[in-house]
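The values are calculated or read from the model by the stated rules, or taken from the named source; none is laboratory data. Fair warning: this is a prediction, and the values are worked out from it, not measured in the lab. Note that we place each Cβ from the backbone using ideal geometry, even for glycine, and neighbour counts take in every protein chain shown. Please note that ligands, DNA and RNA were not included when accessible areas were found on the heavy atoms of the full protein model with its side chains. Shrake-Rupley method; radii C 1.70, N 1.55, O 1.52, S 1.80 Å.
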Amino acid sequence: MKIAMRKNITAIGLAVLLSSFACVANAASVLTEKGYTLEKLLVFSRHNIRASLVGKDDVTATHSNRQWNMAEVPAGHLTYKGGAAETLMGEYYRAYLEDEKFIPADWHPAKDDVRFYANSFQRTIATAKHFASGLAPIADIEIEYHLGIDERDPVFLPSSRFTDEALLKQATQWYDLLENGQGQKAFYKNRVQDIREIERIVDFKNSPFAKKEGIKQMDGSKFEITAHKNRIFSNDAMRKPYSLADCVIMRYYDNPNDKEVVWNISKPTRALKAAGKFLSDGGSLMWKNPAFAKNMTRNLLPEIAKGLKSNQRITFLCGHDTNVGTLLTVLEVEDHELPQTITNYVPIGSKLVIEKRKGADGKLYASFSMVYASDKQLRNLEILTLHNPPVKEPLVIKGLKRNEDGLYDWDKFVNYFDKRAQN
């Protein structure tokens, strides 16, 4: 009996082992299985988890009655968890690209094979470095950046000043069209409940600012975005709740326990979803404005177009949510709400991924998608593998035809970027 059981257990173990090998063997992407060979990869990444931009001495901190646990890194810098999460993403891409037979095991790229270029902020340089370390751990991939640490590279963050008066006028008029033509006031009014949830999280009514001003709530009726000195500005009525929401969401990604994130208030998940929604909606006030997006991507689009036409096998550019959001607008990507994240327009660490593939018909195609770790994966620092991959959502460009497999003609795709870069 014991011998039979042992043989049975051995057989089961062998079956499991063979099954696992079969899974690995079939783990290549659906596109590869359909005969599309990967030839080039371009990634535009938002940085990963950072410390809050609100330091303990910032005036926004006076709008909260909570004891904030200040990060162990300076305001705005990539956190240790953010670095670990980005390394995991790089390791996933190493496994993915090896599985695609795009790179060999223990890959050590030639200098001209790759380009890693980041805005000169600490969090963007560090994100690129961590991704590169996960992707090619035995190589020393150089991270290109052009200015001093935390200085704005105009490729990623150019001056927000409009030099074209007509474009500035278009940018300001766009706000009158919000909420089906009801304008800015309606935008804020329709998000008051989200703001109330943010106030509840930070205990605004008992904050130093609220007590000093003798108020219980933030006043949404004063919300306004205006043009001044050829720039667009939002006033404190928008900036303060947006900054508070940002602080809350960075806590959310740093701690997988919802109750602890919101200081044990009731209905924590509802409150966190409201904060995430307000953060995405508030960012979209700039990102989705076509004139603003055109102004902010004027240097970045040519850089991406150059990368698409280069001989580099892998191009990795690292910037900010503003970059990703405005690129989506300028490229006229269909609106979307991404799954498995409460920041459902431009998630933390999200990546615009362009793959150049050669079809079985000999023609070249482009795959265009958004890739990001789900909130569960990111908050729990889950190891990303071919069997626990990050979320991948296809991006649909209005007016640019795709084939039955969701791919764009490569030449038409590159020309589309070129034209957008020149307009």
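Things to note:
- Within the stretch 75-204, the percentage of alpha carbon pairs spaced more than 21 angstrom apart rounds to 64%.
- Whether the chain is rounded, prolate or oblate, judged on the alpha carbon gyration tensor where a/c under 1.5 counts as rounded: oblate
- For His336 and Val30, the difference between the fully extended length at 0.36 nm per residue and the C-alpha to C-alpha distance is 107.9 nm.
- Taking the longest Cα principal axis of the chain as reference, the axis of helix 165-174 is set at about 90 degrees.
- Stretching the chain fully between Trp263 and Ile215 yields a gain of 15.1 nm (0.36 nm per residue, less the alpha carbon separation).
- Computed label-point distance, nm, for sites Lys392 and Arg270 using a 7 Å Cα→Cβ extension: 3.8
- Remark: the stretch 290-364 projects, on average over all directions, an area of 6.6 nm² (convex hull of Cα atoms).
- One chain, two ends: Glu382 and Leu147. Fully extended at 0.36 nm per residue, the span grows by 81.2 nm beyond their Cα-Cα distance.
- Rounded, prolate or oblate (a/c below 1.5 giving rounded, otherwise prolate when a/b exceeds b/c) for the stretch 168-300 by Cα gyration tensor: prolate
- Degrees between helix 122-135 axis and first principal axis of the chain (Cα, 0 to 90, nearest 10): 10
- A 1.4 Å probe run over the protein chains yields, for the chain, 48 Å² of accessible area per residue, whole-number rounding.
- FRET efficiency for the Ala110 to Asp418 pair, using the beta carbon distance and R₀ = 30 Å, is estimated at 0.65.
- Ranked by the mean number of other Cβ atoms within 10 Å of their residues, highest first, the peptides 138-150, 378-390 come out as 378-390, 138-150.
- Only Cα pairs under 8 Å and 6+ residues apart enter the sum, and on that basis the relative contact order of the chain stands at 23 percent.
- The long axis of helix 2-25 is offset from the longest Cα principal axis of the chain by roughly 60 degrees.
- Share of carbon and sulfur in the accessible heavy-atom surface of the chain [1.4 Å probe, %]: 52
- CD proxy at 222 nm, helix term only [per DSSP H run n ≥ 4: -39500 (n - 2.57); per residue of the chain; nearest 500]: -13500 deg cm²/dmol
- Entry note, the stretch 217-324: relative contact order of 16 percent, from Cα contacts under 8 Å with a spacing of 6+ residues.
- Within the straight-line cut-off of under 18 Å between alpha carbons, the aspartates and glutamates reachable from Lys294 are Asp153, Asp164, Glu165, Glu303, Asp321, Glu332, Glu334, Asp335, Asp418, sequence neighbours fewer than 8 places apart in one chain being disregarded.
- Entries of Lys81/Lys205; Lys185/Lys212; Lys129/Lys169 with Cα pairs more than 30 Å apart: Lys81/Lys205; Lys129/Lys169
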